[in-house]
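Asks: Structure provided below as structure tokens; questions to follow.
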Amino acid sequence: LTESGTDHAPRGAPQRPATMNPLSEHPGLAKARGGVFYLHGEDDFRKEEVVRALVDAHLDPATRDFNFDPLRGSEVDAETLASVLGTPPMMAEWRVVVLREVEGLAGSARARDILLANVARPAPGLALILSCRVPEGSKAKFYQDLQRTARSVEFRPITPEDVPGWLMERARERYGVEMEVEAAQALASAIGEDLGVLAQEMEKLAHYAGDRKRLSLADVEAAGTSLPRQDRWRWFDLVGEARLHEALESVGTLLAQGDTGVGLVAGLTTQFLRMGIVAEQGPGALEAILPTKQQFLAKRLVGQARKWRPAEIDAALAGLLRADRLLKASPLSEEHFLEEWLLTLLARKAAA
């Protein structure tokens, strides 16, 4: 099941309603009809999902062949662009033009002028959807004009911390199934931040689940996903829960899997800062600062914060700052500094 009315579920896929609408995350787009939509940023997967949703929202399937033109800025010439943008709808309310790789027009003054003129004054009945990846560091007026004049949405790359929440949200809204936190974290650890691959794995898991309403870690393993021996998020939780001996035993495994000392220190720093907020300002303050896709962490972080005194959290953060500096400057191994930090925490806990 996909957003596109022209695509179909694979044979044997679970019969779940495809309720997820990518436009729901963007209120400025959800109710808009016609005009110009400028979608830019580095997250091509989410950008393309919104492109397809906008196309489906405007096109009548019965007249799609007459009123849909996909173009690429790297291939279209100025005259063709002008002709396509000037063609009115045929037997329908809207004509849809999708122009991907808008950055491909940047080198042609004529093509830029034609596009900007249509963005400023779109023809009646035209829905123009622009998909662009602005070159890194570019401050060209062309992109600024597009962003200012059209309905504009930036798609920034999803952070590793947001991936489990994205997976749980997608499982719930697209397939009608609840994905357990541990399952989402394990899948994110195994695959990373490639949303296209993650979406394929999620579809495979939903197919495997059949009519069941919950996906567990065991389901992820049984579906054939190759999981890491040590989940980095579970490791952060081991430290947060003060299960420091277990965390100490897994440092080498994490580094062997490809995690870096600096990356693990950054994750631990976030964990302890959040526990510090709970310790000093209460659970409500934590919920107020957690990103939308990380709200599911609030309950477990509140529980973990109870295992640490404020002074211990301060000392842990000071130790992480020291470890970060040494990791970036010392010839000693990454494992050495992470183990030293954990052993220091163990000694403080024992003394307390």
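Asks: Do any trypsin sites (Lys or Arg not before Pro) in the range 276-352 lie in a DSSP loop with no more than 15 other beta carbon atoms within 10 Å, and if so, which? Could the numbers behind the result be given before it?
Replies: Details: sites: Lys293, Lys299, Arg300, Arg306, Lys307, Arg322, Arg325, Lys328, Arg348, Lys349; in loops: Arg306, Lys307.
The qualifying sites are Arg306, Lys307.
Asks: Give Lys213/Lys293; Lys31/Lys213; Lys204/Lys293; Lys213/Lys299; Lys139/Lys293; Lys47/Lys141 a once-over and call out the pairs whose C-alpha atoms are over 29 Å from each other.
Replies: On the way: Lys213/Lys293 21 Å; Lys31/Lys213 31 Å; Lys204/Lys293 22 Å; Lys213/Lys299 22 Å; Lys139/Lys293 31 Å; Lys47/Lys141 22 Å.
From Lys213/Lys293; Lys31/Lys213; Lys204/Lys293; Lys213/Lys299; Lys139/Lys293; Lys47/Lys141, over 29 Å: Lys31/Lys213; Lys139/Lys293.
Asks: Let me ask something else. With unit charges on the beta carbon (Lys/Arg positive, Asp/Glu negative), name the residue among Ile129, Phe66, Met91 whose Cα is farthest towards the positive pole of the charge dipole of the range 60-134.
Replies: Looking along the dipole axis, the top candidate is Ile129.
Asks: On average, how much accessible surface per residue is there in the range 232-294, in Å², for a 1.4 Å probe, leaving out ligands, DNA and RNA?
Replies: Details: 2620 Å² over 63 residues.
For the range 232-294, the solvent-accessible area averages 42 Å² per residue.
Asks: Take the alpha carbon atoms of the range 176-227, find their center, do the same for the range 39-63, and report the distance between the two centers in whole angstrom.
Replies: Each part reduced to its Cα centre gives a spacing of 25 Å.
Asks: Applying 1/(1 + (r/R0)^6) with R0 = 25 Å to the Cβ-Cβ distance of Arg172 and Asp194, what FRET efficiency is obtained, to the nearest 0.05?
Replies: Numbers: r = 21 Å, r/R0 = 0.83.
Efficiency, rounded to the nearest 0.05: 0.75.
Asks: Given (1) 5, 20, 24, 21, 17, 10, 3, 0; (2) 5, 25, 35, 25, 8, 1, 0; (3) 5, 24, 31, 22, 13, 4, 0, which label gives P(r) over Cα pairs in 10 Å bins from 0, in percent as computed from the coordinates?
Replies: Derived directly from the coordinates: (1).
Asks: Same structure, new question: Check which residues have an amide H placed less than 5 Å from Ile129's amide H, if you skip close sequence neighbours.
Replies: For Ile129, the qualifying residues are Phe37, Val97, Val98, Leu99.
Asks: When the accessible area of the range 240-352 is split by element with a 1.4 Å probe, what percent falls to carbon and sulfur?
Replies: 55 percent
Asks: What value, in deg cm²/dmol to 500, does the helix sum -39500 (n - 2.57) over DSSP H runs of n ≥ 4 give at 222 nm once divided by the residues of the chain? Intermediate results must be reported in sequence, preceding the final value.
Replies: Details: 17 runs with 194 residues, N = 352.
Taken over the chain, the calculation gives -17000 deg cm²/dmol.
Asks: Here's a follow-up. Compute the accessible area per residue over the range 58-102, keeping the other protein chains in place, probe 1.4 Å, unit Å².
Replies: On the way: 2350 Å² over 45 residues.
Counting only protein heavy atoms, the per-residue value for the range 58-102 is 52 Å².
Asks: At a 1.4 Å probe, what is the % contribution of carbon and sulfur to the accessible area of the range 91-142? List each step's numbers first, then the result.
Replies: On the way: 1330 of 2590 Å².
About 52 percent, which is the carbon plus sulfur part of the accessible surface.
Asks: What is the percent carbon and sulfur in the accessible area of the range 165-211, measuring with a 1.4 Å probe over the protein chains and ignoring ligands? Kindly include the intermediate steps, with their values, before the conclusion.
Replies: Working: 690 of 1670 Å².
In the range 165-211, the share of accessible area belonging to carbon and sulfur is 41 percent.
The values are calculated or read from the model by the stated rules, or taken from the named source; none is laboratory data. It should be emphasised that the depicted structure is a prediction, and the values quoted were computed from it without experimental measurement. Cβ coordinates were reconstructed from backbone atoms using ideal geometry, including for glycine residues, and neighbour counts include every protein chain displayed. Note: accessible area is taken over every heavy atom of the protein model, side chains too, but ligands, DNA and RNA are not part of it. Shrake-Rupley method; radii C 1.70, N 1.55, O 1.52, S 1.80 Å.
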